[in-house]
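I have placed the structure first, in the form of structure tokens, so that the comments after it can refer back to it.
The values are calculated or read from the model by the stated rules, or taken from the named source; none is laboratory data. Keep in mind the model is a prediction, meaning the values are calculated, not measured. Every residue, glycine among them, receives a Cβ derived from its backbone with ideal geometry; neighbour counts consider all protein chains shown.
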Amino acid sequence: MAAKQTVKATLADAGGTSVRGRILSAAFSAFTERGFAETSTLEIATRARVSKRELYALFGSKQDMLIACIGERAVRFKIPADLPGLRDRETFRLTLAAFGAQLLREISDPTVVAVFRLAIAEAARAPEVGRMLSEIGIGASRGALHELMDRARAANLLAGDPAEMADHLAGLLWGGLMLGLLLSTAARPNPREIGRRAEAATAAFLRAYPSPE
């Protein structure tokens, strides 16, 4: 234990963030190229140009590396801490459209789509990949939408079950886009297309959930 802590301290002193980043980049590349089950920690260490001792000082297992890869993206799906108060429907509309655009932009990123493909490819051999993606990645985006619905309902801007409303908005935002991205039959939308898609989804959502009487 003492030796492991010493290595951790040495890595931190020598730019541990850079080493950690190299390991995660190497792990993600190996996972997507060879599959999670087929990738060894030795291969990851070799790609990252670190020893296995250094690798295990920062990450205890392949699962820990995958969790970190997914978690770093999932942070971007959370609601910003400086979100303005939802005073009226117009503020809510602007907030929904902006956050919807953020979700579309982040989740359609090629690296995120690659994680989804990895989870699908590894469904039989390594089902934990799908579970982690669902809990950490998808859970973060749906949780953020759920929180927005909770806030809007508390402000008496709409009525309904927050979880159901979050799922409804997510469906309006994505439609068949994610399937197209996964199958490479659709291109990632550009910023203008993302904005239009988020605005259209928000408008349709607010029509479906008018202000409470």
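Quick look at the values:
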| item | result |
| --- | --- |
| Residue check, residue 142 among the basic types (Lys, Arg) and over 16 Å from the mean Cα position of the chain (by Cα) | no |
| Residue satisfying all of: in segment 161-180; part of a helix (DSSP H, G or I) and more than 19 Å from the chain's Cα centre (by Cα); nearest to residue 148 (Cα to Cα) among these | 162 |
| Residue that is nearest to residue 141 (Cα to Cα) [pool: residues in segment 157-213 that are assigned by TED's automatic domain parsing to the domain that holds residue 100 and of a type in the set (Asp, Glu)] | 167 |
| Members of segment 72-93 that are modelled with pLDDT of 90 or more and either surrounded by fewer than 14 Cβ atoms within 10 Å (Cβ to Cβ) or not hydrophobic (A, V, I, L, M, F, W, C) (or both) | 88, 89, 90, 91, 93 |
| Segment 181-200, subset in a helix (DSSP H, G or I) and more than 20 Å from the chain's Cα centre (by Cα), residue surrounded by the most Cβ atoms within 10 Å (Cβ to Cβ) | 199 |
| Failed item, numbered, when residue 156 is tested on (1) in a helix (DSSP H, G or I); (2) more than 26 Å from residue 62 (Cα to Cα); (3) not aromatic (Phe, Trp, Tyr) | (1) |
| Inter-residue pairs, beta-carbon under 8 Å, first β-branched (Val, Ile, Thr) and in segment 89-105, second part of a helix (DSSP H, G or I), 6+ apart | 95/148 |
| Residue 166 vs. criteria modelled with pLDDT under 95, surrounded by 12 or more Cβ atoms within 10 Å (Cβ to Cβ) and not aromatic (Phe, Trp, Tyr) | yes |
| Residues located in segment 15-57, provided they are in a loop (DSSP other than H, G, I, E, B) and within 24 Å of the chain's Cα centre (by Cα) | 35, 36, 37, 38, 39 |
